[in-house]
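A short worksheet on the structure shown next.
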């Protein structure tokens with residue numbers, strides 16, 4: 001029974017036959033081109049199968065490479081954007097420094113600085129001001145700043161201090177309705193008083209005699225009659241002249257040189 005079901009001799013014979021056939025095929029392949037042509041023919045027939053089988057892997061590989069490259073590009077773009085942002089911040093800082101230097105240079109060129117004792121102050125920004133005709137500065141009682149101190153900038157008259165604390169002060173702008181300022185036409189002896197008309201409107205002066213020769217565009221400067229504001233300092237420019245028939249007087253409107261939204265540095269005249 002064991003000899004009947006014993007398969008080892010059959011296996012050995014198969015192995016011998018396979019080896020002999022392989023040797024014959026190798027010798028025939030060496031000395032004949034038939035198998036080479038056969039291989040080329042088979043390869044040409046099954047190459048589409050290779051292509052089809054390789055396509056999913058190719059798609060996977062290309063997709064994987066795409067996401068890798070996209071991720072790398074995003075990181076590079078992020079780094080470049082950060083560098084651009086840093087450069088812009090540096091540029092803005094340099095522009096701000098240049099602007100501040102120009103302002104300070106203009107202050108130093110003011111002739112009033114040679115005549116009166118003064119101190120440089122900076123506006124304290126208030127983002128939601130209750131009163132638009134009042135500003136705050138970073139100088140106070142410790143700097144000998146008291147109510148009544150005159151405030152100027154390189155463009156013209158700003159106003160005067162109305163209250164002081166140890167390290168800050170409150171400045172009332174000339175556009176406030178409580179401010180009355182003696183002025184004169186530049187390079188003339190024509191004097192009168194103008195007062196604030198609200199910081200959304202121009203300054204005005206009423207009851208100007210019709211005999212006074214005024215023109216649009218005339219420059220007004222301080223007359224110094226109140227002995228507070230320096231003589232000849234710019235105030236504004238006449239924009240409109242109206243004749244009141246009932247009162248028989250002229251009313252003029254003056255656009256101040258003061259531009260509060262652009263002010264940063266101020267000059268305080270110490271009495």
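Bear in mind these aren't lab numbers, they're just calculated from the coordinates by the rules spelled out. Predicted, not measured: the structure shown is a model, and the values here were computed from it. All Cβ positions, glycine included, derive from the backbone under ideal geometry; neighbour counts span all protein chains shown.
Evaluate the following for residue 184: is it in contact (Cβ under 8 Å) with a residue 24 or more places away in the chain, closer than 16 Å to residue 251 by Cα and assigned to a strand (DSSP E or B)?
Numbers: in contact (Cβ under 8 Å) with a residue 24 or more places away in the chain: yes; closer than 16 Å to residue 251 by Cα: yes; assigned to a strand (DSSP E or B): yes.
Answer is yes for this residue.
Could you list all residues from the stretch 190-211 that are surrounded by 14 or more Cβ atoms within 10 Å (Cβ to Cβ) and not in a strand (DSSP E or B)?
Those that are surrounded by 14 or more Cβ atoms within 10 Å (Cβ to Cβ) and not in a strand (DSSP E or B): 190, 196, 197, 199, 202.
Give, as residue ranges, the strands (runs of 3 or more DSSP E) completely inside the stretch 213-259 that count at least 3 residues that are touching a residue at least 40 places away in the same chain (Cβ under 8 Å).
Working: elements: 219-222, 234-244, 249-256.
Qualifying strands (runs of 3 or more DSSP E): 234-244, 249-256.
Residue-by-condition table, conditions (1) over 16 Å from residue 256 (Cα atoms); (2) touching a residue at least 12 places away in the same chain (Cβ under 8 Å); (3) part of a loop (DSSP other than H, G, I, E, B):
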{"position": "139", "(1), (2), (3)": "yes, yes, yes"}
{"position": "142", "(1), (2), (3)": "yes, yes, no"}
{"position": "148", "(1), (2), (3)": "yes, yes, yes"}
{"position": "151", "(1), (2), (3)": "no, yes, no"}
{"position": "161", "(1), (2), (3)": "yes, yes, no"}
{"position": "166", "(1), (2), (3)": "yes, yes, yes"}
{"position": "177", "(1), (2), (3)": "no, yes, yes"}
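Testing residue 187 on (1) touching a strand residue (DSSP E or B) at 6+ places or on another chain (Cβ under 6 Å); (2) farther than 28 Å from residue 136 by Cα; (3) surrounded by fewer than 19 Cβ atoms within 10 Å (Cβ to Cβ), one condition comes back false. Which one is that?
Only one criterion is unmet by residue 187, namely (1).
Could you tell me how many of the residues in the stretch 164-184 are closer than 20 Å to residue 118 by Cβ and touching a strand residue (DSSP E or B) at 6+ places or on another chain (Cβ under 7 Å)?
Counting residues in the stretch 164-184 that are closer than 20 Å to residue 118 by Cβ and touching a strand residue (DSSP E or B) at 6+ places or on another chain (Cβ under 7 Å) gives 8.
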